[in-house]
1. I need every pair where a residue in segment 1-20 that is of a type in the set (Val, Ile, Thr) has its Cβ under 7 Å from the Cβ of a residue that is part of a strand (DSSP E or B), sequence separation at least 6 or different chains.
2. Against the definition (more than 14 Å from His233 (Cα to Cα), of a type in the set (Asp, Glu) and in contact with a helix residue (DSSP H, G or I) (Cβ under 7 Å, 6 or more places away or on another chain)), how does Glu69 come out, yes or no?
3. Is at least one residue of segment 371-386 crowded, with 24+ Cβ neighbours inside 10 Å, hydroxyl-bearing (Ser, Thr, Tyr) and over 26 Å from His233 (Cβ atoms)?
4. In contact (Cβ under 8 Å) with a residue 12 or more places away in the chain, more than 20 Å from Leu355 (Cβ to Cβ), surrounded by fewer than 24 Cβ atoms within 10 Å (Cβ to Cβ) and of a type outside the set (Phe, Trp, Tyr): which single residue out of Glu254, Glu279 fits that description?
5. Among the residues of segment 204-212, is there at least one that is more than 23 Å from Thr115 (Cα to Cα), under 24 Å from the mean Cα position of the chain (by Cα) and of a type in the set (Ser, Thr, Tyr)?
6. Being of a type outside the set (S, T, N, Q), touching a strand residue (DSSP E or B) at 6+ places or on another chain (Cβ under 7 Å) and more than 22 Å from Gly310 (Cα to Cα) narrows it down to one of Gly370, Gly354, so name that one.
7. Can you tell me which residue among Ile441, Ile408, Ile346 is β-branched (Val, Ile, Thr), over 17 Å from the mean Cα position of the chain (by Cα) and closer than 30 Å to Ile210 by Cα?
8. Which of the residues that make up segment 384-404 are of a type in the set (A, V, I, L, M, F, W, C) and touching a residue at least 40 places away in the same chain (Cβ under 8 Å)?
Amino acid sequence: MEPTKFLLDEKALSESWYNIVPDLPFELAPPLNPATREPVGPETFSAIFPEGIIRQEVTAEPYVPIPEEVREIYALWRPTPLFRARRLEKALDTPAHIYYKYEGGSPAGSHKPNTAVPQAFYNKQEGVRRLTTETGAGQWGSSLAFACRQMGLKCTVYMVRVSYGQKPYRRIMMETYGATVHPSPTDLTQAGRNILEEDPDSPGSLGIAISEAVEDAATNDDAKYSLGSVLNHVLLHQTVIGQEAIKQMELAGEYPDVVVGCVGGGSNFAGVAFPFLRENLVNGRDTRILAVEPASCPTLTKGRYVYDFGDTAGTTPMMKMYTLGHTFVPSGIHAGGLRYHGDSPIVSALVVEGLVEARAYAQNATFEAGVLFSRTEGIVPAPEVNYAIRATIDLAMEAREAGEERVILFNLCGHGHFDLAAYEAYLAGELVDLEYSEEAIDEAVARIPG
């Protein structure tokens, strides 16, 4: 019998996170003060982040040691398995070899605890008693709720309103871990009240929820803010995925020609891709790196590469990134984790420099791919990862047409057990391909200061 899974034991658990910044062949644009347009220093983040996280955000070290207490919690689910998708290959009749790294076995069912646990750890070290955050689909919120419970912290989650209604079991999971969950926008913050005054029926967005969570943290002495994606320290923590995958591809006796990841803010994508990008940058490999996003929220493919706020209310420093404009409200697709107006500044710069490719898909095409995957491989994927699966299938079909044996790796970043209502809509033919509006993007971009 040919092997289908490639496993590492706990002795192979990563001892450090990988920081791609020192290996980049270009300088990253610094965050700016929106009033002065001058670069801001690390002290700007002290109101919302602990010192340990700020140091990681700006470190120039290529590797950052993982604290032993964090590794002990990681060991509940890490290292995660790598699978060869032989049944999917057979269904596609492709010569391509398809591999996927499965992150759905974590307590929260996704990759998000990889950063939630260290963020809770560093906050606990500095005496913080409560963390605030935003969440879209709920994978990040449930991960931080889990991590806070492990570290003895309270947790307040502002969940995007449309996802709050679509995914009640994610909310219940957060509350089971002990978190307090609010549908955002709320009347609990000035940012939320401003949005509701303008649009009482606002579906919410990650940008709005970030504004509320940041305001909560900045105005309460007992709290700090915790972010699930975008910034460097978050991407750094996720690189345990790709580091493990490199070792597991060695066990499989192959190396990927293409690495694929879905992209909202960039953490899942960076987690699998950055260690392989290092191999390209440092060791001369030429693996193709592909970032996949929703056609209804096409940040990398239709956005503008400019300085913008990370949140809707404009409370954060301005970062240079691909953006649809911080006031842009994406359509209510089921992949709530991909409904963000911006993207990681690092991922954005990699796309600009041509080191990463980006493509977008409509919702129905991705659910078609997710259903085929579940019927062949047995795992029902989260709606977010269906975008990566769609791209992987297309790449495999391209290999069939070319008659070439290509090795494709994607990150299956979470299961879809709490997303079955979306699958029900797809199977009933009721899932709508929601579109973006060029006019809405132009209007939102025009509101960016300067």
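The values are calculated or read from the model by the stated rules, or taken from the named source; none is laboratory data. Since this is a predicted model, take the numbers as computed values, not measurements. Here the Cβ is made from the backbone with ideal geometry for all residues, glycine too, and neighbour counts use every protein chain on show.
1. The qualifying pairs are Thr4/Phe83; Thr4/Arg84.
2. For Glu69, the condition - more than 14 Å from His233 (Cα to Cα), of a type in the set (Asp, Glu) and in contact with a helix residue (DSSP H, G or I) (Cβ under 7 Å, 6 or more places away or on another chain) - is met.
3. For segment 371-386, residues crowded, with 24+ Cβ neighbours inside 10 Å, hydroxyl-bearing (Ser, Thr, Tyr) and over 26 Å from His233 (Cβ atoms): absent.
4. On the way: Glu279 fails: more than 20 Å from Leu355 (Cβ to Cβ).
Among Glu254, Glu279, only Glu254 is in contact (Cβ under 8 Å) with a residue 12 or more places away in the chain, more than 20 Å from Leu355 (Cβ to Cβ), surrounded by fewer than 24 Cβ atoms within 10 Å (Cβ to Cβ) and of a type outside the set (Phe, Trp, Tyr).
5. No.
6. The match here is Gly370.
7. Going through Ile441, Ile408, Ile346 in turn, the sole match is Ile441.
8. To start, the set of residues in segment 384-404 that are of a type in the set (A, V, I, L, M, F, W, C) comprises 385, 388-389, 391, 393, 395-397, 399, 402.
Within segment 384-404, Val385, Ala388, Ala391, Ile393, Leu395, Ala396, Met397, Ala399 meet the criteria.
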